[in-house]
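The values are calculated or read from the model by the stated rules, or taken from the named source; none is laboratory data. Note that the structure is a prediction, hence the values are computed from the model and not measured. Using ideal geometry, Cβ is built from the backbone for each residue, glycine included, and neighbour counts are taken over all protein chains shown. Surface areas here come from the heavy atoms of the whole protein model, side chains and all, with no ligands, DNA or RNA. Shrake-Rupley method; radii C 1.70, N 1.55, O 1.52, S 1.80 Å.
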Amino acid sequence: MARRESRDRDERDSEFVDKLVHINRVAKVVKGGRRFGFAALVVIGDQKGRVGFGKGKAREVPEAIRKATEAAKRNLIRVPLREGRTLHHDIDGRHGAGRVILRAAPPGTGIIAGGPMRAVFETLGVQDVVAKSMGSANPYNMIRATFDALTREQSPRMVAARRGKKVTDIVGRRADSAGEALASE
C-alpha cells in the first residue's frame with residue numbers, strides 16, 4: 001500500500017517542472033567564527049497554466065532546494081492562458097519596490113523577459129509574452145510582483161460570468177472594435 005502511495009506521489013511530482021531561480025549564501029556569526037547557510041528560491045509549474053514559487057533555507061544547498069520546492073508546491077496558482085500560449089490581456093504587478101509589466105504577444109514572439117520572470121513563464125507554459133521589470137532587480141521582489149500580476153489575470157469566461165453575459169458578447173466586442181478601426185482607416 002505504501003509503495004502505491006509513493007508511486008502516486010512520484011507521478012504527481014513528475015508532472016511539475018522546477019527551475020532554481022536564486023541561491024543566496026548567508027552567514028551567521030557565532031563565537032567560533034561564521035556558520036554558513038543557504039537560501040534557495042525555486043519556481044515550479046506544470047506548463048499547462050499552474051505555477052508556484054517557494055523559498056527554502058538550510059545549511060546545505062540540496063536541502064534548501066528541496067524545502068523551496070515543497071513550499072512552491074503548496075503555493076500553486078492557476079493562470080488562464082489564451083490558446084494555451086499567451087496571456088489574455090496586458091497587466092502589471094507590484095511588490096515592494098518591484099514593478100513588472102506583462103503583455104500578451106502574437107504567435108512566434110517567444111518569451112521576452114529577464115531572469116526570474118523568464119523562469120516563471122517557462123514553468124507556466126507561456127510561449128509568447130513580453131515582460132519588463134522596473135524598479136527592484138531583487139529576484140524575490142520580481143517573482144512576487146510577477147505573481148501579483150498573474151493572480152489578477154482574467155479570461156473572457158471569468159469576466160462574462162462576473163458580468164452575467166455571454167463570452168461571445170465579451171470577445172465579440174474586441175473583434176468588432178478591431179473591425180471598426182480597420183473600417184475607419
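Accessible surface computed residue by residue for the stretch 1-157, with neighbouring protein chains in place and a 1.4 Å probe, gives 56 Å² per residue.
Toward the positive end of the charge dipole of the chain, with +1 on the Cβ of Lys and Arg and -1 on the Cβ of Asp and Glu, the farthest Cα among 23, 38, 69 is that of 38. In the chain, a dipole from Cβ-located charges (positive for Lys and Arg, negative for Asp and Glu) runs towards its positive end, and of 116, 104, 53 it is 53 whose Cα lies farthest in that direction. Of the peptides 117-126, 32-41, the order by per-residue mean of other Cβ atoms within 10 Å, starting with the highest, comes out as 117-126, 32-41. Karplus-derived 3J(HN,Hα) values for the stretch 88-103, using 6.51 cos²θ - 1.76 cosθ + 1.60 with θ = phi - 60°, are 6, 7, 6, 7, 10, x, 9, 7, x, 8, x, 9, 10, 10, 10, 10 Hz; glycine and proline are entered as x. Computed from backbone phi with θ = phi - 60° and the Karplus coefficients 6.51, -1.76 and 1.60, the 3J(HN,Hα) list for the stretch 157-162 is 4, 5, 5, 4, 5, 5 Hz; x is used for glycine and proline.
Computing Rg and the Kirkwood Rh from the Cα coordinates of the stretch 37-185 gives a ratio, Rg/Rh, of 1.06. Per-residue 3J(HN,Hα) values for the stretch 131-147, derived from phi via the Karplus relation 6.51 cos²θ - 1.76 cosθ + 1.60 with θ = phi - 60°, read 9, 9, 9, 10, x, 5, 9, 5, x, 5, 5, 5, 5, 5, 5, 5, 5 Hz in sequence order (x marks Gly and Pro).
Rounded to the nearest 10 square angstrom, residue 46 shows an accessible area of 20 square angstrom against a 1.4 Å probe.
Within the listed set 139, 62, 80, the Gaussian network model of the chain (springs between alpha-carbon atoms below 10 Å) gives the highest mean-square fluctuation for 62. How much of the accessible area of the chain, in percent, comes from carbon and sulfur atoms when a 1.4 Å probe is used? For the chain, the apolar C and S fraction of the accessible surface comes to 50 percent.
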